[in-house]
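Participant: Please see the structure below; I have some questions.
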Amino acid sequence: MNEYLVDIRNERLSFFTPAGEVKSLNDVSLTVREGEVLGIVGESGSGKSVTAYSLMGLTAHPGRVIGGDIYFNGHHINMMTEREMRKIRGNEVSIIFQDPMTSLNPVYTIGNQIMEAILLHTDKNKKQAYERARELLTLVGINEPDKRLKQYPHELSGGMRQRVMIAIALACEPKLLIADEPTTALDVTIQAQILELMIELKNKLGMAIILITHDLGVVAGTCDRIAVMYAGKVVETGTTDDIFYHPSHEYTKGLLLSVPKLKELEHKKLIPIEGQPVDMLNPPAGCPFAPRCNSCMKICLRTMPEYTDLGKDHYSACWLLDKAKFEKGEVQA
Amino acid sequence: MENKKLVEVQNLKQYFSVSGGGFFEKKVVKAVDDVSFYVNKGETLGLVGESGCGKTTTGRTLLRLIEPTDGKILYDGKDITHAKMLPYRRKMQIVFQDPYASLDPRMTVGDIVGEAIDIHKLAANGNQRRDRIIELLSLVGLNSEHANRYPHEFSGGQRQRVGIARALAVNPEFIVCDEPISALDVSIQAQVVNMFEELQEKMGLTYLFIAHNLSVVKHISNRIGVMYLGKLVELADSYELTFHSIHPYTRSLISAIPVADPETSRSAQRIVLQGDVPSPVNPPSGCRFRTRCPYADQRCAEEEPEFREVSSGHYAACHHIDKVK
């Protein structure tokens with residue numbers, strides 16, 4: 001294999017709906033190294049969750065991976081059977097969802113749900129699994145673990161439930177934790193607790209994390225690298241600093257300018273990205289962002305740009321960066 | 001800005017009764033408990049707080065969409081706590097949080113906006129009504145052909161524009177904006193925020209802007225009130241509040257906001273609050289924030305802090321203002 005824990009190459013994934021084919025992922029390539037935190041940011045429908053789910057073999061009907069390769073920890077995910085997938089899921093890779101209210105089963109106790117993962121993937125007997133569950137709850141910062149293990153999800157607060165979700169996800173010490181908008185449903189003060197916990201656990205256990213969010217503030221403080229997605233495409237990837245301080249794609253730039261900053265002394269008018277999100281049933285032919293882009297050129301409407309290597313793992317797909325083509329006169333403004 | 005109070009609430013209370021654990025047991029949730037503030041004409045007052053703190057209930061009670069349990073609501077100096085609301089509905093409007101749930105799916109956008117025109121008899125004939133609808137739609141950045149479409153044909157941002165057009169249909173003076181952007185995508189949020197600002201300039205509107213996102217509230221508001229468990233804990237000019245907050249809750253709220261700047265967030269000293277917001281059915285005695293407050297002592301448990309003016313225009317409710325400084 002290679003140096004990457006996750007290596008997604010040119011993945012294409014479509015949902016075959018009655019209204020037509022929705023190309024949810026259109027040539028997506030992503031990598032995650034061991035122990036790295038990758039943030040995926042994008043708007044709703046940009047394909048960030050779909051990418052992560054397909055990595056776990058959890059693409060929902062009527063969706064299907066129709067091209068490309070997904071490698072994770074030496075497994076060729078899109079070639080595996082459901083039976084093989086089950087051995088990996090919850091063991092080598094786990095996921096925590098946005099809404100802790102609905103992702104826990106209301107009719108089983110917390111203890112039951114944590115122990116399920118342990119009993120399924122390890123040789124531990126019930127007693128050992130219970131011990132491990134206690135240990136996990138302590139690890140995620142829940143007091144009185146014995147009492148909590150006997151409680152049902154509705155007896156816990158939102159923040160507490162998300163901690164339980166994390167405990168379940170970490171039960172088998174996975175190599176990769178996928179966090180799909182883990183704090184979106186939580187209040188800011190609770191969000192700060194959960195993010196802090198996730199980073200602390202990462203440092204302790206050494207797993208890699210894919211953090212999916214639409215909040216640029218959340219990725220700024222937690223991620224090593226960021227992938228920006230728009231309409232089923234990764235439009236730019238780079239280190240957190242590169243994305244924030246040297247954004248090169250027009251969408252990334254626009255996104256950064258459109259959020260109000262709390263600690264700003266004067267009142268500046270926000271600079272919004274004009275236009276409406278892409279209709280995924282009828283995406284534009286060229287660059288998906290072209291219809292909303294201020295620097296849109298003729299070629300942008302026709303052909304999707306290639307990635308330009310900007311050094312230090314920083315890639316961006318924008319015609320403006322393709323200097324070679326400019327010089328040859330192939331691209332006209 | 002002229003400092004004329006347009007809307008004022010005094011000791012507003014909104015209690016909901018809920019059934020308790022026992023069969024005959026009745027419990028009371030004090031969703032809004034003794035809240036007083038005013039909004040000056042032409043200004044934007046922001047209201048922030050976490051879920052369940054009573055900010056939405058305050059907004060709705062103020063419009064008497066829910067009748068207040070106690071307290072007084074004044075509009076333009078007149079007590080409207082028990083008044084007939086129809087004439088005031090023309091002056092006070094609301095934009096709701098969820099643009100998917102707040103528009104009737106069986107009505108065209110034109111009819112949604114036109115309904116208010118019909119109720120208040122603002123158009124003499126069909127032509128006038130149609131012109132007015134088109135005028136309103138163009139005001140919010142939509143065009144005349146949108147009038148014949150149904151809400152499901154629009155994106156979230158466009159639907160929120162329809163919601164705003166509906167609120168503007170009666171030419172109101174005052175609009176309660178109840179989390180109007182939290183259901184929208186980041187790139188669309190800025191569009192809607194800018195539109196609120198432009199409309200305010202153009203029409204001299206007064207807003208009560210309710211949201212949980214302090215960065216957005218600070219951007220749009222002149223003054224900000226912070227709520228916690230049904231109480232206002234701090235209220236000040238928006239710059240004063242973000243840079244010189246007094247109340248420990250406001251401070252932790254500000255420090256908990258993730259900053260979209262890697263260097264700042266790496267070096268930031270976070271005050272991470274421990275624990276969860278207590279249940280409003282059974283709030284802590286004394287100061288309601290004391291269970292999570294780093295400064296709490298015996299006095300906080302026994303005595304409820306008074307909401308008082310600390311410096312000019314800056315109000316806070318805390319026993320330990322000197323220590324926090």
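Participant: Considering each of B:Asn148, B:Asn213, B:Asn194 in turn, give the residue that is closer than 23 Å to B:Phe37 by Cα and among the polar types (S, T, N, Q).
Facilitator: On the way: B:Asn148 fails: closer than 23 Å to B:Phe37 by Cα; B:Asn194 fails: closer than 23 Å to B:Phe37 by Cα.
Being closer than 23 Å to B:Phe37 by Cα and among the polar types (S, T, N, Q) holds for just one of B:Asn148, B:Asn213, B:Asn194, which is B:Asn213.
Participant: Restricting attention to region A:289-300, report how many residues are farther than 28 Å from B:Val259 by Cα and either surrounded by 14 or more Cβ atoms within 10 Å (Cβ to Cβ) or within 14 Å of chain B (Cβ to nearest Cβ) (or both).
Facilitator: Qualifying residue count, region A:289-300: 6.
Participant: When residues of region B:164-193 are filtered for being assigned to a helix (DSSP H, G or I), more than 16 Å from A:Glu274 (Cβ to Cβ) and in contact with an Asp or Glu (Cβ under 9 Å, 6 or more places away or on another chain), how many remain?
Facilitator: Here is the first cut: in region B:164-193, the ones assigned to a helix (DSSP H, G or I) are B:164-168, B:186-193.
Filter once more, keeping what is more than 16 Å from A:Glu274 (Cβ to Cβ): B:164-168.
Checking which are in contact with an Asp or Glu (Cβ under 9 Å, 6 or more places away or on another chain) leaves us with B:166.
Total meeting the criteria: 1.
Participant: What number of residues in region B:30-68 are closer than 22 Å to B:Ile220 by Cα and outside any strand (DSSP E or B)?
Facilitator: 16
Participant: Scan region A:59-70 and tell me whether some residue there is of a type outside the set (Phe, Trp, Tyr), in contact with a Gly (Cβ under 9 Å, 6 or more places away or on another chain) and assigned to a loop (DSSP other than H, G, I, E, B).
Facilitator: For region A:59-70, residues of a type outside the set (Phe, Trp, Tyr), in contact with a Gly (Cβ under 9 Å, 6 or more places away or on another chain) and assigned to a loop (DSSP other than H, G, I, E, B): absent.
Participant: While we're here: Can you tell me which residue is farthest from B:Asp79 (Cα to Cα) among those in region B:46-64 that are away from chain A (no Cβ under 14 Å) and among the basic types (Lys, Arg)?
Facilitator: Residue satisfying both the conditions and the ranking: B:Arg60.
Yes or no, residue by residue, for (1) under 20 Å from the mean Cα position of the chain (by Cα); (2) at negative phi:
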{"position": "B:Leu229", "(1), (2)": "yes, no"}
{"position": "B:Glu240", "(1), (2)": "yes, yes"}
{"position": "B:Thr250", "(1), (2)": "yes, yes"}
{"position": "B:Ala268", "(1), (2)": "no, yes"}
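Participant: Look at region B:180-226 and say how many of its residues are free of Cβ contacts under 8 Å to residues at least 60 places away in the same chain, under 16 Å from B:Asp237 (Cα atoms) and surrounded by fewer than 23 Cβ atoms within 10 Å (Cβ to Cβ).
Facilitator: 1
Participant: So which pairs qualify, if the first residue must be in region A:260-281 and at the interface with chain B (Cβ under 9 Å from one of its Cβ atoms), the second must be of a type in the set (Gly, Ala, Ser) and in a loop (DSSP other than H, G, I, E, B), the Cβ gap must be under 7 Å, and the two must be at least 6 apart or on different chains?
Facilitator: A:Gln276/B:Ser155; A:Pro277/A:Gly45; A:Pro277/B:Ser155
Participant: Here is a further query. Being modelled with pLDDT of 90 or more and surrounded by fewer than 21 Cβ atoms within 10 Å (Cβ to Cβ) is true for just one of A:Tyr251, A:Tyr307, A:Tyr245. Which residue is that? Spell out how you get there, then give the answer.
Facilitator: Values: A:Tyr251 fails: surrounded by fewer than 21 Cβ atoms within 10 Å (Cβ to Cβ); A:Tyr307 fails: modelled with pLDDT of 90 or more.
Only one candidate passes the filter, namely A:Tyr245.
Participant: Let me ask you something else. Condition check: farther than 22 Å from B:Ala268 by Cα, more than 9 Å from chain A (Cβ to nearest Cβ) and touching a residue at least 40 places away in the same chain (Cβ under 8 Å). Does B:Glu234 satisfy that? Full working, then the answer.
Facilitator: On the way: farther than 22 Å from B:Ala268 by Cα: yes; more than 9 Å from chain A (Cβ to nearest Cβ): yes; touching a residue at least 40 places away in the same chain (Cβ under 8 Å): yes.
Criteria met by B:Glu234.
Participant: A further question on this structure: When region A:192-229 is examined, which residues are found to be facing chain B (nearest Cβ under 7 Å), within 25 Å of A:Glu135 (Cβ to Cβ) and hydrophobic (A, V, I, L, M, F, W, C)?
Facilitator: Residues of region A:192-229 that are facing chain B (nearest Cβ under 7 Å), as a first pass: A:192-193, A:196, A:214-218, A:220-221.
If we keep only those that are within 25 Å of A:Glu135 (Cβ to Cβ) as well, we get A:192-193, A:196.
Selection gives A:Ala192 alone.
Participant: Going by the structure shown, is A:Thr189 more than 9 Å from chain B (Cβ to nearest Cβ) and in contact with an Asp or Glu (Cβ under 9 Å, 6 or more places away or on another chain)? Write out each step before concluding.
Facilitator: On the way: more than 9 Å from chain B (Cβ to nearest Cβ): no; in contact with an Asp or Glu (Cβ under 9 Å, 6 or more places away or on another chain): yes.
No; evaluated as a whole, the condition is false for this residue.
Participant: Now for a different question. Yes or no: region B:191-206 includes at least one residue that is within 14 Å of chain A (Cβ to nearest Cβ) and within 20 Å of B:Ser51 (Cα to Cα).
Facilitator: No, region B:191-206 has no match at all.
Participant: Further question: Suppose we filter A:Ser54, A:Ser29, A:Ser46, A:Ser24 for residues that are crowded, with 20+ Cβ neighbours inside 10 Å and in a strand (DSSP E or B); which single one remains?
Facilitator: Numbers: A:Ser54 fails: in a strand (DSSP E or B); A:Ser29 fails: crowded, with 20+ Cβ neighbours inside 10 Å; A:Ser46 fails: in a strand (DSSP E or B).
Exactly one of A:Ser54, A:Ser29, A:Ser46, A:Ser24 is crowded, with 20+ Cβ neighbours inside 10 Å and in a strand (DSSP E or B), namely A:Ser24.
Participant: Related question: Specify the residue that is nearest to the other protein chains (Cβ to nearest Cβ); the eligible residues are those in region B:150-163 that are more than 16 Å from B:Ile181 (Cα to Cα) and assigned to a helix (DSSP H, G or I).
Facilitator: Residues of region B:150-163 more than 16 Å from B:Ile181 (Cα to Cα): B:150-153.
Still in the list and also assigned to a helix (DSSP H, G or I): B:151-153.
On the way: B:Pro151: 15, B:His152: 13, B:Glu153: 11 Å.
My answer is B:Glu153.
Participant: Condition first: of a type outside the set (A, V, I, L, M, F, W, C), more than 25 Å from the chain's Cα centre (by Cα), within 20 Å of B:Glu198 (Cα to Cα) and not in a loop (DSSP other than H, G, I, E, B). Can you find one or more residues in region B:110-133 that meet it?
Facilitator: Yes; the residues of region B:110-133 include at least one that is of a type outside the set (A, V, I, L, M, F, W, C), more than 25 Å from the chain's Cα centre (by Cα), within 20 Å of B:Glu198 (Cα to Cα) and not in a loop (DSSP other than H, G, I, E, B).
Participant: Let me ask another. Which of the residues spanning region A:105-147 are crowded, with 17+ Cβ neighbours inside 10 Å, under 21 Å from A:Ile194 (Cβ atoms) and at pLDDT below 90?
Facilitator: A:Ala117, A:Leu139, A:Val140, A:Gly141, A:Ile142, A:Pro145 - these are the residues of region A:105-147 that are crowded, with 17+ Cβ neighbours inside 10 Å, under 21 Å from A:Ile194 (Cβ atoms) and at pLDDT below 90.
Each row is one residue, and each column tells you yes or no for (1) at pLDDT 90 or above; (2) touching a Pro at 6+ places or on another chain (Cβ under 8 Å); (3) over 23 Å from B:Ala31 (Cα atoms); (4) not aromatic (Phe, Trp, Tyr).
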position: B:His152; (1), (2), (3), (4): no, yes, yes, yes
position: B:Pro180; (1), (2), (3), (4): no, no, no, yes
position: B:Leu208; (1), (2), (3), (4): yes, no, no, yes
position: B:Ser215; (1), (2), (3), (4): no, yes, yes, yes
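Participant: Determine which member of the set B:Thr56, B:Thr69 is of a type in the set (Ser, Thr, Tyr) and more than 12 Å from the chain's Cα centre (by Cα). First the steps, then the outcome.
Facilitator: Values: B:Thr56 fails: more than 12 Å from the chain's Cα centre (by Cα).
Matching residue, one of B:Thr56, B:Thr69: B:Thr69.
Participant: What number goes with the only condition from (1) closer than 20 Å to A:Asp187 by Cβ; (2) within 13 Å of chain A (Cβ to nearest Cβ); (3) among the β-branched types (Val, Ile, Thr) that B:Thr264 does not pass?
Facilitator: (1)
Participant: Select, from A:Glu236, A:Glu274, the only residue that is surrounded by fewer than 23 Cβ atoms within 10 Å (Cβ to Cβ) and either closer than 29 Å to B:Met195 by Cα or among the acidic types (Asp, Glu) (or both).
Facilitator: On the way: A:Glu236 fails: surrounded by fewer than 23 Cβ atoms within 10 Å (Cβ to Cβ).
Step by step, each of A:Glu236, A:Glu274 is checked, and only A:Glu274 is surrounded by fewer than 23 Cβ atoms within 10 Å (Cβ to Cβ) and either closer than 29 Å to B:Met195 by Cα or among the acidic types (Asp, Glu) (or both).
Participant: Oh, and also: Where in region A:164-282 are the helices (runs of 4 or more DSSP H), entirely inside, with at least 1 residues that are within 15 Å of the chain's Cα centre (by Cα)?
Facilitator: Numbers: elements: A:188-205, A:216-222, A:240-245, A:250-258.
Per the criteria, A:188-205, A:216-222, A:240-245.
Participant: What's the number of the only condition in (1) outside any strand (DSSP E or B); (2) without any contact (Cβ under 8 Å) to a residue 40 or more places away in the chain; (3) touching a strand residue (DSSP E or B) at 6+ places or on another chain (Cβ under 7 Å); (4) not aliphatic (A, V, I, L, M) that B:Phe24 fails to meet?
Facilitator: Evaluating B:Phe24 over (1) outside any strand (DSSP E or B); (2) without any contact (Cβ under 8 Å) to a residue 40 or more places away in the chain; (3) touching a strand residue (DSSP E or B) at 6+ places or on another chain (Cβ under 7 Å); (4) not aliphatic (A, V, I, L, M) leaves (3) as the failure.
The values are calculated or read from the model by the stated rules, or taken from the named source; none is laboratory data. No experiment lies behind these values; they were computed from the predicted model shown. Glycine gets a Cβ as well: all are built from the backbone with ideal geometry, and neighbour counts include every protein chain shown.
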